[in-house]
Structures are given as C-alpha cells and as structure tokens.
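Enquirer: A single structure is presented below for examination.
All of the numbers you see were taken from the coordinates with simple rules; none came from a lab. Everything quoted here is computed from the prediction, not taken from an experiment. FYI the Cβ positions are ideal-geometry reconstructions off the backbone, even for glycines, and counts take in every protein chain you see.
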Amino acid sequence: MNTYHKYASNVFLAKCTEKHNKGDVIEVTTKYGKDNESIVYNLVFEKDGFFYYSIIRADGFNVQERAKARANRYTQWANSAIGQSRYLQQEANEGKDFLALGEPIKTDHYSGRRHRALIERNHERMRKSSELRKKAERHEEKAEYWASRENDINISMPESLELYKYKFEETEKFHADMKSGKIPRAHMCSLEYAKKEANKFKKLYELANQLWG
C-alpha cells in the first residue's frame, strides 16, 4: 500500500514499497483510508526499503482547486443565510396592518396577550434575520478570500519550478545590484534583508527542482 509522507510545508510524498517510473499512475491512501489516484514525478529519496516519490493528483485537484471549492462552498452558505434572512424578514410582517394602527396593548383584555405575543414574535424574527445577514457577510468575506487565491502556486505544484526559478534569479540580481551600489540601500539592514530574500527563494527553487525538475 502507498501512503502519504509529509516532506516539507505543503508537500506530501508518496511512500511506496515498490519502485515506480515517472508518469506511473498509483493509488495513495490517506490516514483516513481514502485512496487518491496520483501521478508519479520524481524519486526524492529511498529509506528503510521504501521509495518516496513526488506526486500530483490524477484528477487535477491541487491548492487552486481547493481554493475554488472553498470559495464555492462559502458562497453557497452565504446565499443560504441570505435566503433565510429574507424569509424571516418577510415573516416579521405578520399582522403589520393591525400593528400599523398603533393600538396600545390592552393589558386588561384577552387580546392583550395575543398583541404582545405578535410583537415579540416579529421582534425575534427580525433579530434572527439580522444574525443571519451578519453570518452571510462573514461567509461572503471568506468566499472573496478563497476566490483571491484561485491562481496561487505553491511548492506542491510542478508549476512552482518555473515560478521559484524566476523569483530566485530576480532576488539574487536585486541583492547583487544592491551590494555593488547599483541599487541604493534604504537603511542599514537593506542588504541583509535582500540576501535573506534571495536565500529563501534559492531554497524553494532547489526544493522545487528536486520535486519537479
């Protein structure tokens, strides 16, 4: 059985008992027992008789598809909450013609109890309607956040190789130009920060190359 092995942040390898070739389609089982059809990329390392491969899902599911799914889910929840809110708002119009008359509650009459119950019922409906509206707004905010990430690329995707190669070359050149004086230093730590940024993308590029090169 092939299982998942966490290798780095956002990166899970397939831990296999047998050797595979690049392009092979294999089943990888999660810790919950779900099988995902996956495509083999590179042999990253061997250890204790196991082979660890970089993989992608055969169905194309990745961080971008996950973001789209979450955006859709929060949008559905927002629409549902808005629908419930509008329904309760309409229900809160019960007895509106009578209430519009502004009749005082007749505490010493049998109708007084019904009058008070009607007001309290409508008040509760409006309270719940307002809560649902706020809930819908929170869902909409989350939907917008996940929609903004639908084009994200991270180290778990083969596309990251080209991205991090570009980022590394860009930050390395920026650091070199700052070191030579071609780019002025904004403050005394500017060169150090530029070097850290170049090192960060160098490591990401090296990891991406190991996984997807």
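Enquirer: Taking the Cα centroid of the stretch 112-158 and of the stretch 26-54, what is the distance between the two, rounded to the nearest whole Å?
Expert: Computed from Cα coordinates, the inter-centre distance equals 40 Å.
Enquirer: For a footprinting-style exposure proxy, rank Met178, Met126 by other Cβ within 10 Å, fewest first.
Expert: Details: Met178 18, Met126 15.
Least crowded to most crowded, the residues run Met126, Met178.
Enquirer: State which stretch of the chain is the longest one without any exposed chymotrypsin sites (Phe, Trp or Tyr not before Pro), exposure meaning a DSSP loop state and at most 14 other Cβ atoms within 10 Å.
Expert: On the way: sites that count: Tyr32, Phe61, Tyr110.
That gives 111-213 as the longest site-free run.
Enquirer: If you look at just the Cα atoms of the chain, how large are its Rg and its Dmax in Å?
Expert: 29.5, 92
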